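Student: Sharing a structure here in structure tokens format.
The values are calculated or read from the model by the stated rules, or taken from the named source; none is laboratory data. For clarity, every value in this text was computed on a predicted model and none was experimentally measured. Glycine gets a Cβ as well: all are built from the backbone with ideal geometry, and neighbour counts include every protein chain shown.
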Amino acid sequence: MPTPTQTDPVAQLSAIINRLCNLSNDPGVAAGQQQQLLAQANMLNGDLVKLVTQQLDAADADYNQFMTGVANVTKALNAAEAAIQAAVADVNAVAAVTASITGLIQQGVQLVTIAAKYAAA
């Protein structure tokens, strides 16, 4: 594929083919030369088809490479999401244990308070 500063070879070749076809119909050009010009235009037209096919094949290869990259990124994101979900589950489990310990401590404080009241009485 041409870069933005390069001329598109398909456009160049198409312009040449059009010029040859125009010359092959020009009454100012000898009949023998008209036939040669038309034959040359037909030959270049075949080359144009090959060029366009090559460009499409290259584009398909680039597209396939891009899609492979997208698939790899998607796989990595899915793995990261699974790891994050596992970490969230671990944090939730720690929070549940912490809540249980807090509850046990509160019950212990209540028992100590009750025991202290009975001991003081």
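Student: Quick one: L51 ticks every box in (1) exposed (fewer than 13 other Cβ atoms within 10 Å of the Cβ); (2) over 23 Å from the mean Cα position of the chain (by Cα); (3) of a type in the set (A, V, I, L, M, F, W, C) bar one, so which box is it?
Tutor: Tallying (1) exposed (fewer than 13 other Cβ atoms within 10 Å of the Cβ); (2) over 23 Å from the mean Cα position of the chain (by Cα); (3) of a type in the set (A, V, I, L, M, F, W, C), L51 fails exactly one: (1).
Student: Here is a check on your reading of the model: is K75 more than 60 Å from the chain's Cα centre (by Cα), assigned to a helix (DSSP H, G or I) and among the charged types (D, E, K, R)? First the steps, then the outcome.
Tutor: Working: more than 60 Å from the chain's Cα centre (by Cα): no; assigned to a helix (DSSP H, G or I): yes; among the charged types (D, E, K, R): yes.
It is false that K75 is more than 60 Å from the chain's Cα centre (by Cα), assigned to a helix (DSSP H, G or I) and among the charged types (D, E, K, R).
Student: Given the criteria charged (D, E, K, R) and at pLDDT below 90, does D26 qualify?
Tutor: Values: charged (D, E, K, R): yes; at pLDDT below 90: no.
No: the conditions fail for D26.
Student: Any residue in the stretch 37-58 that is free of Cβ contacts under 8 Å to residues at least 60 places away in the same chain and under 14 Å from D8 (Cα atoms) sitting within a Cβ distance under 7 Å of a residue that is surrounded by 11 or more Cβ atoms within 10 Å (Cβ to Cβ) and not aliphatic (A, V, I, L, M)? List the pairs, counting only those 6 or more apart or interchain.
Tutor: Within 7 Å, the pairs are L48/S14; L51/P9.
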